[in-house]
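Have a look at the structure below, then the notes.
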Amino acid sequence: MSNYFVSAGIELQGGADLKEAENGLRLLAEQTQSEPGCILFEIRQNLKQPQKFTLWECWTNRQALLDHFEMPHTKTYLARNLTEVSYIEELGEIGSNARTDTA
């Protein structure tokens, strides 16, 4: 079984403090990296639009990611309403997706 890769974009919510969000995201990343099933959890900040962030995640499987949302530190961060998800992408190896086209 292959690992489960995710990329997600998040943005500062209206009225939220950028420095508070940055500090909260740093702590979230640090705590998440020690979770069972977490292989990689990195958060990067957009250099031109600092209110936007990209998460790169690799988990042993999808259930490990679902378990992440039940962790106390994740719930604590999310309850602060500092950021909101703008997109989530599930990723795989190049050419690994099931193809239905014959062209």
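Output the residue which, of all residues in segment 48-72 that are closer than 15 Å to Ala21 by Cβ and out of contact with any strand residue (DSSP E or B) (no Cβ under 8 Å at 6 or more places or on another chain), is surrounded by the fewest Cβ atoms within 10 Å (Cβ to Cβ).
Checked segment 48-72; the qualifying residue surrounded by the fewest Cβ atoms within 10 Å (Cβ to Cβ) is Gln49.
Please tell me if Pro36 is open to solvent by 70 Å² or more (accessible area, probe 1.4 Å), part of a loop (DSSP other than H, G, I, E, B) and not aliphatic (A, V, I, L, M).
In short, yes.
Give all pairs with beta carbons closer than 8 Å in which a residue from segment 12-32 that is without any contact (Cβ under 8 Å) to a residue 24 or more places away in the chain meets a residue that is hydrophobic (A, V, I, L, M, F, W, C) and surrounded by 12 or more Cβ atoms within 10 Å (Cβ to Cβ); count only pairs at least 6 apart in sequence or on separate chains.
As it stands, the answer is Arg26/Ile43; Ala29/Phe41; Ala29/Ile43, since those pairs meet every condition given.
Which is acidic (Asp, Glu), at pLDDT 95 or above, farther than 18 Å from Val6 by Cβ and open to solvent by 80 Å² or more (accessible area, probe 1.4 Å), of Glu30, Glu84?
Step by step, each of Glu30, Glu84 is checked, and only Glu30 is acidic (Asp, Glu), at pLDDT 95 or above, farther than 18 Å from Val6 by Cβ and open to solvent by 80 Å² or more (accessible area, probe 1.4 Å).
Return the total of residues in segment 13-27 being under 16 Å from the mean Cα position of the chain (by Cα) and loosely packed, with under 12 Cβ neighbours inside 10 Å.
Selection size over segment 13-27: 1.
Looking at this structure, is Arg44 under 11 Å from the mean Cα position of the chain (by Cα), on the phi < 0 side of the Ramachandran plot and open to solvent by 90 Å² or more (accessible area, probe 1.4 Å)?
Yes.
Does Leu47 satisfy the criteria of being assigned to a loop (DSSP other than H, G, I, E, B) and of a type in the set (A, V, I, L, M)?
yes
Answer with yes or no whether Ser2 is surrounded by fewer than 12 Cβ atoms within 10 Å (Cβ to Cβ) and touching a residue at least 40 places away in the same chain (Cβ under 8 Å).
In short, yes.
The values are calculated or read from the model by the stated rules, or taken from the named source; none is laboratory data. The structure displayed is predicted, hence computed values, not measured ones. FYI the Cβ positions are ideal-geometry reconstructions off the backbone, even for glycines, and counts take in every protein chain you see. Accessible surface is based on the protein model in full, side chains and every heavy atom, while ligands, DNA and RNA are left aside. Shrake-Rupley method; radii C 1.70, N 1.55, O 1.52, S 1.80 Å.
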